[in-house]
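Q: Structure provided below as structure tokens; questions to follow.
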Amino acid sequence: MKNKNETFVFDAVLFAQVLTDRRLQLGLTTRQLAKRANISQPYVVALERSRNGIDVKKTSAMSPSPTVDMITRLATALQMSANELFSLAVRPAGKHVLLLLEDDMMTSLDRARNASTKSATLTDETPQEWLCAGGPVDRNKHNDQNCLAINLHRDTNNAYKPKAIAASLSNELSRHQPNISGSNIGIIFDETSSQMNHVNNPMAIIEFEHDWSRVVTDATQAVGAFAAWNICVYRIENLLSLNNPAEVAQDLLRSHDNVWSARNKSVITGNSAAKRLLTLVRPKDVSVKEWSTHTNAVVQELQLSA
């Protein structure tokens, strides 16, 4: 897992909103702001339009990325310091979470909602909308629970194709853009582990997890939303069906920011959840005592949040 110290990220959509609000507060037009900052008016307009996300129907539409020098000039024009402007445009990084399911007593959506509340820090955002990726049955369940359905697997290919999945995510989010633009969202990828039993390259899913946080962040920002929670669901039976479940479990722990483990009606988080997962995947040729020592060492290395 990544270092669990709280991290913050620059949010282009939030920056655009701050820029617009401050400009209007000072009674400036975009032309006047551009003149003060010695930049072009079209650039200012493009920056401010970023608050609505990218119009995905216009493939040439790209949100500009302001440089440090550009932020400094804009800050001066807006009568504030560069540090102040920048600080107003950063937010806590969204959480990439591994949700382990040991049974289906409750839906993954209910469990995710409960766990996100339980493990949230003071700086974590509460989702205003939840989106759920799953099979037809799961989508029906989620529709009943006010969760917007998305489908990342529209073909029947035997191979898992990361680029196709990333493209599907962008397309599905653009379909829901009117509902999620400007919102903090939670996304539950409910079919992640079940896909491992349907493709001939299951390890490609595990490897893609190391890039998945970036993929989700980029896709949500492109539609003007913020992924507060990016939750990947793994069912224990799917993990145990692999040739190397212990190795896979440890890799998953390292590619996620946190782990939640759900059994019956309870959800445990952080170190306890990581230990639970590793206990369940103990290799048969390793003693309980030896594996317990190994588990403690792995969990200590992960530095999980609660």
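The values are calculated or read from the model by the stated rules, or taken from the named source; none is laboratory data. From a predicted model like this one, the values you see are computed outputs, not experimental measurements. In this analysis, Cβ positions are derived from the backbone assuming ideal geometry, glycine residues included, and neighbour counts consider all displayed protein chains.
Q: So which of SER266, SER255 ends up being more than 30 Å from GLN17 (Cβ to Cβ), in contact with a His (Cβ under 6 Å, 6 or more places away or on another chain) and either among the charged types (D, E, K, R) or assigned by TED's automatic domain parsing to the domain that holds ALA112 (or both)?
A: After applying the criteria, what remains is SER255.
Q: OK, next. When you check LEU169 against the structure, is it closer than 17 Å to VAL13 by Cα, modelled with pLDDT of 90 or more and not hydroxyl-bearing (Ser, Thr, Tyr), yes or no?
A: no
Q: Which of (1) closer than 30 Å to ALA34 by Cα; (2) modelled with pLDDT of 90 or more; (3) surrounded by fewer than 20 Cβ atoms within 10 Å (Cβ to Cβ) is the odd one out, the single condition LEU78 does not satisfy?
A: Unmet for LEU78, out of (1) closer than 30 Å to ALA34 by Cα; (2) modelled with pLDDT of 90 or more; (3) surrounded by fewer than 20 Cβ atoms within 10 Å (Cβ to Cβ): (3).
Q: Considering only residues that are assigned to a loop (DSSP other than H, G, I, E, B) and without any contact (Cβ under 8 Å) to a residue 12 or more places away in the chain, which ones fall in the stretch 287-305?
A: Within the stretch 287-305, SER287 is the sole residue that qualifies.
Q: Sticking with this one: Restricting attention to the stretch 208-250, and to residues there that are of a type in the set (Asp, Glu) and touching a residue at least 40 places away in the same chain (Cβ under 8 Å), which single residue is surrounded by the fewest Cβ atoms within 10 Å (Cβ to Cβ)?
A: In the first step, residues of the stretch 208-250 are kept if they are of a type in the set (Asp, Glu); the result is 209, 211, 218, 237, 247.
The next check asks that each one be touching a residue at least 40 places away in the same chain (Cβ under 8 Å); those that pass are 209, 211.
Numbers: GLU209: 18, ASP211: 12.
Selected residue: ASP211.
Q: Out of all the residues in the stretch 23-35, which are buried (at least 17 other Cβ atoms within 10 Å of the Cβ), out of contact with any Leu (no Cβ under 6 Å at 6 or more places or on another chain) and either closer than 16 Å to MET80 by Cβ or not assigned by TED's automatic domain parsing to the domain that holds ASP69 (or both)?
A: LEU28, LEU33
Q: Additional query: For residues in the stretch 174-204 being touching a Ser or Thr at 6+ places or on another chain (Cβ under 7 Å) and in contact (Cβ under 8 Å) with a residue 60 or more places away in the chain, which is nearest to ASN244 (Cα to Cα)?
A: ASP190
Q: I'd like to verify a number: residues in the stretch 151-188 that are touching a Phe, Trp or Tyr at 6+ places or on another chain (Cβ under 8 Å) and within 11 Å of GLY224 (Cβ to Cβ), how many?
A: 2
Q: Among all residue pairs at least 6 apart or on different chains, which show Cβ distances below 6 Å where the first residue, located in the stretch 78-96, is farther than 23 Å from ARG31 by Cα and of a type outside the set (Phe, Trp, Tyr) and the second is modelled with pLDDT of 90 or more and in a loop (DSSP other than H, G, I, E, B)?
A: Matching pairs, first to second residue: LYS95/ASP257; HIS96/HIS256; HIS96/ASP257.
Q: Next up: Is one or more of the residues making up the stretch 244-255 acidic (Asp, Glu), farther than 26 Å from THR126 by Cα, in contact with a helix residue (DSSP H, G or I) (Cβ under 7 Å, 6 or more places away or on another chain) and at pLDDT 95 or above? Give the steps one after another, and end with the answer.
A: So in the stretch 244-255, the residues acidic (Asp, Glu) come out as 247, 251.
Next cut, farther than 26 Å from THR126 by Cα only: 247, 251.
Filter once more, so that each one left must be in contact with a helix residue (DSSP H, G or I) (Cβ under 7 Å, 6 or more places away or on another chain): 251.
Checking which are at pLDDT 95 or above leaves us with 251.
For the stretch 244-255, residues acidic (Asp, Glu), farther than 26 Å from THR126 by Cα, in contact with a helix residue (DSSP H, G or I) (Cβ under 7 Å, 6 or more places away or on another chain) and at pLDDT 95 or above: present.
Q: Taking ARG282 as the residue in question, decide whether it is among the basic types (Lys, Arg) and assigned to a helix (DSSP H, G or I).
A: Values: among the basic types (Lys, Arg): yes; assigned to a helix (DSSP H, G or I): no.
When the stated conditions are applied, ARG282 does not pass them.
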